[in-house]
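Input: a single structure, listed below in structure tokens.
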Amino acid sequence: MDNCIFCKIARREIPSNKIYEDEEILAFNDINPAAPIHFLLIPKLHIDSLSATEDNHQDLLGKMLLLAPKLAKEQGCEDGFRTIINTGRVGGQEIFHLHFHIIGGRERLPVMIHHG
Ligand code: AMP
Ligand code: ZN
């Protein structure tokens, strides 16, 4: 995807504060962190969103999910963290290249959704 900002980061055309990379996956710090620890985990393969995943992405998605707690711990999440995947308009997704937000720090994160 020529114009996708996260594809550009994966191709190193745009700099990022990288914390992990392998052949299929990249993790880098969010440019506008919501908490002391806030990084994004992306597949290098362009996938629009969680809604656009297919059966053949199973191994990749499993790998990303298994990597999340390892990287979270490495980054200093000692007592938990939050994983967010915004999907589509209703989910508030702004960048249409699948990404997992991993968010944490010392303090308990605020409640995300209030029940009416
Ligand atoms: P979302 O609303 O889930 O699509 O979130 C997109 C996230 O990407 C936001 O938290 C942005 O701060 C983050 N972001 C946008 N551009 C960059 C960039 N160049 N490097 C790192 N994070 C970025
Ligand atoms: Zn992309």
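The values are calculated or read from the model by the stated rules, or taken from the named source; none is laboratory data. Predicted, not measured: the structure shown is a model, and the values here were computed from it. No Cβ is skipped: glycine too gets one built from the backbone with ideal geometry, and neighbour counts run over all protein chains shown. Please note that ligands, DNA and RNA were not included when accessible areas were found on the heavy atoms of the full protein model with its side chains. Shrake-Rupley method; radii C 1.70, N 1.55, O 1.52, S 1.80 Å.
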Determine whether segment 64-76 contains at least one residue that is open to solvent by 20 Å² or more (accessible area, probe 1.4 Å), modelled with pLDDT of 95 or more, within 16 Å of ligand 2 (Cβ to nearest atom) and outside any helix (DSSP H, G or I). no
Among the numbered conditions (1) at pLDDT 95 or above; (2) out of contact with any Gly (no Cβ under 6 Å at 6 or more places or on another chain); (3) away from ligand 1 (no atom under 13 Å from the Cβ), tell me where Ile95 comes up short. (3)
Hey, can you tell me all the residues within segment 36-49 that are closer than 17 Å to Gly104 by Cα and within 11 Å of ligand 1 (Cβ to nearest atom)? His38, Phe39, Leu40
From the residues in segment 96-111 that are out of contact with any strand residue (DSSP E or B) (no Cβ under 9 Å at 6 or more places or on another chain) and not charged (D, E, K, R), which one is farthest from ligand 2 (Cβ to nearest atom)? Val111
Flagged in segment 31-49 as open to solvent by less than 80 Å² (accessible area, probe 1.4 Å), within 16 Å of ligand 2 (Cβ to nearest atom) and in a loop (DSSP other than H, G, I, E, B), in numbering order, are Lys44, His46, Ile47, Asp48, Ser49
Complete set of residues in segment 12-30 that are under 13 Å from His99 (Cβ atoms), within 14 Å of ligand 2 (Cβ to nearest atom) and either among the basic types (Lys, Arg) or not in a strand (DSSP E or B) (or both): Ser16
Checked against (1) away from ligand 1 (no atom under 11 Å from the Cβ); (2) hydrophobic (A, V, I, L, M, F, W, C); (3) closer than 16 Å to Leu98 by Cα, Ile9 satisfies every condition except (1)
What are the residues in segment 11-23 that are open to solvent by 80 Å² or more (accessible area, probe 1.4 Å) and more than 19 Å from Lys73 (Cβ to Cβ), if any? Arg11, Arg12, Glu13, Pro15, Glu23
If only one of His38, His114 is more than 14 Å from Tyr20 (Cβ to Cβ) and out of contact with any strand residue (DSSP E or B) (no Cβ under 7 Å at 6 or more places or on another chain), which one is it? His114
